[in-house]
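As structure tokens, the structure follows; a few thoughts come after it.
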Amino acid sequence: MDAFVIKGGKRLRGRVRVNGSKNSCLALMTAALLTDEPIVLLDVPNLRDTRNMANLLGTLGCEVEADSGRVQLKVTDRSQSLAHYDIVRTMRASVSVLGPLLAKRGAARVSMPGGCNIGDRPVDLHLRGLRSLGAKINLDQGYIVAEVPDGGRLLGARVFLGGAYGSTVLGTANVMSAATLARGTTVIEAAACEPEVVDLAQMLNAMGARINGAGTPRVVVEGVDELGGTQHRLMPDRIEAGTYIMAAAITNGEVMIENCPTDALTAVLDRLADVGVEVDPVDGDAGDQNGDPMRQTVRVGSHRRLDPVQVVTQPHPGFPTDLQAQIMALLCLADGNSIITEKIFPDRFLHVPELSRMGASMVRNGSSVLVSGVRKLIGAPVMASDLRASAGLVLAGLAADGVTTINRVYHLDRGYERMEVALAQLGADIERVDASV
């Protein structure tokens, strides 16, 4: 089992390029099930989750060819509609095959999904949405069993996807994908507004779908008879971008970040500006994509004195829950008391005791954590509990005095492609080791 060994105290300097979005990629890959023509995705990150999704699609009759960030998917066998537990249990995004399978093949049997241990993530909103489209759904021995209504197609309807903790990104993707082949018009209310939903809608429209309103709480889908193939470049990963921005800030470094989706990071940049982190677009840089606010080059620097702030995670365009652990690590070194409130997954605080082992001063009260800034963090052996907690511990290790060993970094490999290599190229003293030796 791999671990990271980090000797902290190195200021990060240099350039790093943000990969394509992991969260967007998984839903885009499942959209290949909606057509018999090839789908080509560009900027696909080489991650455990994307490889697992490719394996899952392979069991569902999809040929997958991958080479240097380019992935081609083409359905060659539509007879399989069973998403096995052995693969689905590795990641929650596996449930995204449910809508496309149901819409194109008329039936699906999908294991209940797994993923990180960060709190309850029920799929009831997915099922409610698909039932609204006429699907017949039952649960059988841990599997979701779904069929289209009599007549052989899903039916357009008005669908409400609001839940106890807001909208659902994967649920919106699932219902929106299914509705593209439904008979009639579907109106999705309380739809997730995340840019990953917009990315999926753009690709589906390029395939021949008729989707309007993606990125707003009301998405309208006019069903079509069939979809075709297309080529699509993934949006940059806003969580990876935010992580590298905070890595530069916590080490008081100066880093140029290419392919940075600043337009999808407004709430993050707002909080970081109040902390004292400067993120400035670099006009005319070779890595800049013609001024596209989703693909900018930015220069990151920070004040030597970091100010405390209040952070509340919310659905987009609010502060993303997937950057909560990272900003918590940064605020451990702020001059004063910060409050972080988790509104999406109230129990997503397994990194708190690990940061405390490194000398952080924190008090949790329900869904909030009071972070009292300290003068320095101290290296220590810590345990990663989930993907984003792992990233937060890496940031803490980069800034800490001494050596930090982060165990179970297989969590990290689900969402960051060779993170240790990218950080080492920026000057970090970080090494991947086999902790089982």
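No value in this document is a laboratory result; all are computed from the given coordinates. Being a predicted model, the structure only gives us computed values, none of them experimental. Methodologically, a virtual Cβ is constructed for each residue, glycine included, from the backbone with ideal geometry; neighbour enumeration extends over all protein chains shown.
So what J values fall out for the stretch 324-332 if you push phi through Karplus, 6.51 cos²θ - 1.76 cosθ + 1.60 with θ = phi - 60°, rounded to Hz, Gly and Pro as x?
Karplus values, whole Hz, x for Gly and Pro: 5, 5, 5, 6, 5, 4, 4, 6, 4.
Counting alpha carbon pairs within less than 8 Å and at least 6 residues apart, what relative contact order, in whole percent, applies to the stretch 22-233? Provide the component values of the computation, followed by the final result.
Details: 486 pairs, mean separation 42.0, N = 212.
Relative contact order of the stretch 22-233: 20 percent.
Averaged over all directions, how much area does the convex hull of the C-alpha atoms of the stretch 363-419 cover when projected, in nm²? Please report the intermediate quantities before stating the final value.
Working: hull surface 18.4 nm².
Directional mean of the projected Cα hull area for the stretch 363-419 stands at 4.6 nm².
For ASP429, ASP386, which order do you get if you count the other beta carbons within 10 Å of each Cβ and list the fewest first? Don't skip to the answer; put the middle values down first.
Values: ASP429 15, ASP386 23.
Fewest-to-most ranking of ASP429, ASP386: ASP429, ASP386.
Taking amide H positions as placed in the peptide plane 1.01 Å from N, state which residues far from ARG210 in sequence (5 or more) or on other chains have amide H under 5 Å from it.
Those lying under 5 Å, H to H, from ARG210 are GLU222.
Quick one: of the DSSP bridges fully inside the stretch 22-233, what percent are antiparallel, nearest 5? Can you show the working numbers first?
Values: 28 of 38 bridges.
Beta bridges within the stretch 22-233, antiparallel portion: roughly 75 percent.
How would you rank 298-304, 231-237, highest first, on the average number of other Cβ atoms within 10 Å across their residues?
231-237, 298-304
Relative to the longest principal axis of the chain, what angle (0 to 90°, nearest 10) does the C-alpha long axis of helix 169-179 take?
20 degrees
Tally Lys/Arg at +1 and Asp/Glu at -1 over every other residue whose Cβ is under 11 Å from the Cβ of ALA325; what's the total? Numbers along the way, then the final one.
Numbers: positive: ARG348, ARG388; negative: ASP322, GLU342, GLU354, ASP386.
So the environment of ALA325 carries a net charge of -2.
Taking the Cα centre as origin and putting +1 on Lys and Arg beta-carbons and -1 on Asp and Glu beta-carbons, what dipole magnitude results for the chain, to the nearest 20 debye?
On the way: 44 positive and 49 negative charges, 144 e Å.
The dipole magnitude comes to about 700 debye.
To test your reading of the geometry: what angle, between 0 and 90 degrees and rounded to tens, separates the Cα axis of helix 238-250 from the longest principal axis of the chain?
Compared with the principal axis, the helix lies near 0 degrees.
Can you tell me the length gained on complete extension of the stretch ASP347 to ALA164, counting 0.36 nm per residue apart and subtracting the Cα distance? Write out the running numbers ahead of the final one.
On the way: separation 183, 0.36 × 183 = 65.88 nm, distance 1.44 nm.
Additional length available on full extension: 64.4 nm.
Counting other C-beta atoms within 10 Å, which of TYR165, TYR410, TYR244 has the fewest, and how do the rest follow?
On the way: TYR165 18, TYR410 14, TYR244 28.
Starting with the residue having the fewest Cβ neighbours, the order is TYR410, TYR165, TYR244.
Of the residues ARG388, ARG78, ARG271, which exhibits the maximal mean-square fluctuation in a Gaussian network model of the chain defined by a 10 Å Cα contact cut-off?
It is ARG78.
Work out the P(r) tail for the chain: percent of alpha carbon pairs separated by more than 30 Å, whole number. Intermediate results must be reported in sequence, preceding the final value.
Numbers: 39920 of 95266 pairs.
Cα-Cα pairs in the chain separated by more than 30 Å: 42 percent.
If the cut-off is 19 Å between C-alpha atoms, which lysines fall inside it for LYS136, apart from same-chain ones fewer than 8 positions away?
Those lysines meeting the cut-off are LYS104.
What is the sum of charges around GLY208, taking Lys and Arg as +1, Asp and Glu as -1, for the other residues whose C-beta is under 14 Å from the C-beta of GLY208? The partial results should precede the final answer.
On the way: positive: LYS104, ARG210; negative: ASP36, GLU37, GLU222, ASP225, GLU226.
Summing Lys and Arg as +1 and Asp and Glu as -1 gives -3.
In whole Hz, what ³J(HN,Hα) sequence does the stretch 253-270 give by Karplus (6.51, -1.76, 1.60; θ = phi - 60°), x for Gly and Pro?
With the stated coefficients, the stretch 253-270 comes to x, 9, 10, 9, 10, 8, 6, 8, x, 4, 5, 9, 10, 4, 5, 5, 5, 5 Hz.
Straight distance only, please: which lysines reach the Cα of LYS10 with their own Cα at less than 20 Å, same-chain residues fewer than 8 apart left out?
LYS376
Pairs of Cα atoms under 8 Å, at least six residues apart: use those to get the relative contact order of the chain, whole percent. All intermediate terms of the calculation are to be shown ahead of the outcome.
On the way: 1111 pairs, mean separation 90.9, N = 437.
RCO, the chain: 21 percent.
So who's got an amide H within less than 5 Å of the one on ASP401, skipping anything under 5 residues away but keeping other chains? H placed 1.01 Å off N, in plane.
Those lying under 5 Å, H to H, from ASP401 are LEU377, ILE378, GLY379.
In whole Hz, with x marking every Gly and Pro, tabulate ³J(HN,Hα) for the stretch 316-323 from phi via Karplus 6.51 cos²θ - 1.76 cosθ + 1.60, θ = phi - 60°.
4, x, x, 5, x, 4, 6, 10
Could you please report the charge total around ILE137, scoring K, R as +1 and D, E as -1 over all other residues with beta-carbon less than 13 angstrom from its beta-carbon? Present the calculation step by step, with values, prior to reporting the outcome.
On the way: positive: ARG109, ARG128, ARG131, LYS136; negative: ASP124, ASP140, GLU147.
Taking every other residue near ILE137 into account, the sum is +1.
What number results when the radius of gyration of the stretch 22-233, computed over Cα atoms, is divided by 2.2 N^0.38 Å?
On the way: Rg = 15.3 Å, N = 212, 2.2 N^0.38 = 16.8 Å.
Relative to the 2.2 N^0.38 Å estimate, the stretch 22-233 comes out at 0.91.
Do the sum for the chain: with -39,500 (n - 2.57) for every DSSP H run of n ≥ 4, divided by all residues, what is the mean residue ellipticity at 222 nm, to the nearest 500 deg cm²/dmol? Don't jump to the answer; show the numbers that get you there.
Details: 13 runs with 123 residues, N = 437.
Result for the chain: -8000 deg cm²/dmol, rounded to the nearest 500.
Fewest to most neighbouring Cβ within 10 Å: what's the order for SER111, SER361? Walk me through the intermediate numbers first.
Details: SER111 19, SER361 13.
Ascending Cβ contact count within 10 Å gives the list SER361, SER111.
Search the structure for amide H atoms under 5 Å from the amide H of VAL311, placed 1.01 Å from N in the peptide plane, and list their residues when 5 or more places away or on another chain.
The list, which skips near neighbours in sequence, is ILE339, ILE340, THR341.
Taking the Cα centre of the stretch 22-233 as origin, sum charge times position over the Cβ atoms of Lys and Arg (+1) and Asp and Glu (-1), and report the length of that vector in debye to the nearest 20. It would help to have the intermediate numbers written out before the result.
Numbers: 21 positive and 21 negative charges, 64 e Å.
That gives the stretch 22-233 a dipole magnitude of about 300 debye.
Using 0.36 nm times the number of residues separating ASP67 and ARG131, minus their current alpha carbon distance, what extension gain do you get? Spell out each step's value before the answer.
Values: separation 64, 0.36 × 64 = 23.04 nm, distance 3.81 nm.
Taking 0.36 nm per residue and subtracting the Cα distance, the gain is 19.2 nm.
To one decimal place, what orientation-averaged projected area in nm² is obtained for the convex hull of the Cα set of the stretch 149-261?
On the way: hull surface 35.2 nm².
Computing the convex hull of the Cα atoms and averaging its projections yields 8.8 nm².
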